[in-house]
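Chemist: Mind having a look at this structure? Questions to follow.
Just so you know, all these numbers are worked out from the coordinates, no wet-lab data involved. Worth saying up front: this structure is predicted, and the values here are computed from it rather than measured. Quick reminder, even Gly has a Cβ in these numbers, built from the backbone with ideal geometry, and neighbours come from all protein chains shown.
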Amino acid sequence: MTEYAERRTKLLDMLPDRTLAIVPGGRIADRNSDVTYPFRQDSNFQYLTGFPEPDAILLLVKTDEEALSILAVQPRNIEQEVWTGRRAGPEGAVAQYGMDHAVEIGVWTETVTKYLPSVDHIAYELGRNTSMDESLIGVIRRHWTRPRLHQSGPDIWLDLASFLSELRLFKDEKDHALLESVAGAAVKGHILGMQSVKPGLYEYQLQGAIEFGFRSNGGAGNAYNSIVAGGANATVLHYDTNREKLCSGDLVLVDAGCEVECMASDVTRTYPVNGQFSGPQRDLYNLVLEAQQEALDLVKPGATLELLHARVIEVLSQGLLDLGFFDSTLQDVIHGGDFRRYYMHRTSHWLGLDVHDVGRYAVGPDPRPFEPNMVFTVEPGLYVAANDEQAPEAYRGIGIRIEDDILVTSDGHENLTGGCPKTCDDIEATMKEAGLDIPVLS
């Protein structure tokens, strides 16, 4: 668990002297009756511990005398473990996860109380866990209502999220290995989808094939709800009901990613249900692909997400003019915001343990420049509503997005998901290969 210990040390080095940091883990959420949702660890907690169990709390103590990592965990309980699986317990938290100390979760407040006289700062993210907020505030209030016992204690609150966001924005060697693994699983899942789709399938059947591809290649679960949008459904940006039948002559937009140890991938491909792009589909698709490639060509240290977004807008706006969507000038389309009728979202977002990952997008008033080991998406698109009478009729009801996961390197970038076909010719060739034989339902 060396990487996690190094991350905790880096965080402690960023925090001022005499600080107690508290990081809650994820909790089990009820789905219905006695059934729960699948557990997914809190991202900050995962980043610092790698500990997979729910209902745990990490305490990081930085006093004048020592710096400690203390994990509060569920105790061993043989009867309960028969139902829900083996627990590490305090002993396992130290032996298996590299903690300095560990305690049972039931005494975490007493552990906090023990260290309050030795610190001046509490580093914690308020507002994400209201029950935890109340418990922690209660502990500190009780400390200060006993002044004869405690002449010192914390009187400054620090936003822990700001420190962790900066750490998580720059990927380390552990992150790199996970990113490579999760990107590979995502690419194979998308390829399996291309090879398996055919007219008459339902969107959820294609979703099943893609997610089977994820899991078959090491993806532990979805990074977000998969979008499998056939035809005009692709013009709804966050369509994820995935219930409609896929029809010959339509495109299907698939925005789906998987996780490995909570690290996310985020990939979008758009392809013809019958394996062959029509002329208008190819026109719009190649325009989006050109915009993405123009943006990717700009990615290197010192560039910014704003620079990429501006270039995408230029390329898409000129292309829409050329295809007859507007009868104005390029400047009018861009500066008047007319392009937003067909491209209404941003081009990029940070990617990591969260699919829309933490990290500031600006430094003061200026866009944040790229540095090595940042990871983000590049995902231009065009969405022409089926009832848009302003658009040329041949393009109505077409939605296209192309998305890849990009790592900034010292001299440029690496496209982590570049192995997934995305030119029209490569997609059509891939779709001719055998995939899963999914039955067409009546």
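Chemist: Going 7 Å from the Cα of Trp157 along its beta-carbon direction, which residues of the stretch 107-123 have the amide nitrogen within less than 20 Å of the resulting point?
Modeler: 109-110, 112-123
Chemist: Evaluate the charge dipole of the chain about its Cα centre and quote only its size in Debye, nearest 20, assuming +1 on the Cβ of each Lys and Arg and -1 on the Cβ of each Asp and Glu.
Modeler: 940 debye
Chemist: Cα centroids of the stretch 258-309 and the stretch 414-442: how far apart, whole angstrom?
Modeler: One Cα centre to the other: 15 Å.
Chemist: Can I ask one more? Given q = 0.07, 0.10, 0.12 Å⁻¹, what are the Debye log10 I(q)/I(0) values for the chain, with equal point scatterers placed on the Cα positions and solvent ignored?
Modeler: -0.43, -0.80, -1.04
Chemist: Please report Rg over Rh for the stretch 2-168, where both radii come from the alpha carbon positions and Rh follows the Kirkwood definition.
Modeler: That ratio equals 0.97.
Chemist: Rank these for me by crowding, Trp157, Trp350, going from fewest to most other beta carbons within 10 Å.
Modeler: Listing Trp157, Trp350 from fewest to most nearby Cβ atoms yields Trp157, Trp350.
Chemist: Report the one residue of Pro154, Gly337, Leu296 whose Cα lies farthest in the direction of the positive end of the charge dipole of the chain (charges on C-beta: Lys and Arg +1, Asp and Glu -1; origin at the Cα centre).
Modeler: Result: Pro154.
Chemist: Just from its helices, what would the mean residue ellipticity at 222 nm be for the chain, if runs of 4 or more DSSP H residues each count -39500 (n - 2.57) and the sum is divided by every residue, rounded to the nearest 500 deg cm²/dmol?
Modeler: -11000 deg cm²/dmol
Chemist: What ranking do 319-328, 222-231, 80-89 get when scored by the average of other Cβ atoms within 10 Å per residue, highest first?
Modeler: The densest-packed peptide leads the list: 222-231, 319-328, 80-89.
Chemist: Restricting to the chain, compute how many DSSP beta bridges are antiparallel as a %, nearest 5.
Modeler: Once the DSSP bridges in the chain are tallied, antiparallel ones form about 80 percent.
Chemist: Among Gln318, Gln195, Gln207, which one moves the most in a GNM of the chain with springs linking Cα atoms closer than 10 Å?
Modeler: Greatest mean-square fluctuation among the candidates belongs to Gln318.
Chemist: Counting pairs on different chains as well as pairs 8 or more places apart, how many Lys pairs in the chain have Cα atoms under 30 Å apart?
Modeler: 26
Chemist: I need the shape label for the stretch 170-431. Rule: rounded when a/c is under 1.5, else prolate if a/b > b/c, else oblate, with a, b, c from the alpha carbon gyration tensor.
Modeler: Note, shape of the stretch 170-431 comes out oblate.
Chemist: What FRET efficiency comes out for Met14 versus Lys114 if R0 is 41 angstrom and r is the Cβ-Cβ distance? Round to the nearest 0.05.
Modeler: It comes out at approximately 0.95.
Chemist: Could I ask something else about it? Suppose R0 equals 25 Å. What FRET efficiency, 1/(1 + (r/R0)^6) with r the Cβ-Cβ distance, do Ala177 and Phe39 give to the nearest 0.05?
Modeler: After rounding, the FRET efficiency stands at 0.65.
Chemist: Hey, in the GNM for the chain with a 10 angstrom Cα cutoff, which one of Arg31, Arg142, Arg282 fluctuates hardest?
Modeler: Arg31
Chemist: Helix 305-322: angle to the longest alpha-carbon principal axis of the chain, degrees 0 to 90, nearest 10?
Modeler: 20 degrees
Chemist: I would also like to ask the following. Among Met344, Met263, Met132, what is the fewest-to-most ranking by other Cβ atoms within 10 Å?
Modeler: Met344, Met132, Met263
Chemist: Ok, one more. Given springs between every Cα pair under 10 Å in a Gaussian network model of the chain, which of Ala183, Ala429, Ala56 has the largest fluctuation?
Modeler: Top of the fluctuation ranking is Ala429.
Chemist: OK, next. If you rank Phe376, Phe45 by fewest surrounding Cβ atoms within 10 Å, what's the result?
Modeler: Neighbour counts put them in this order, fewest first: Phe45, Phe376.
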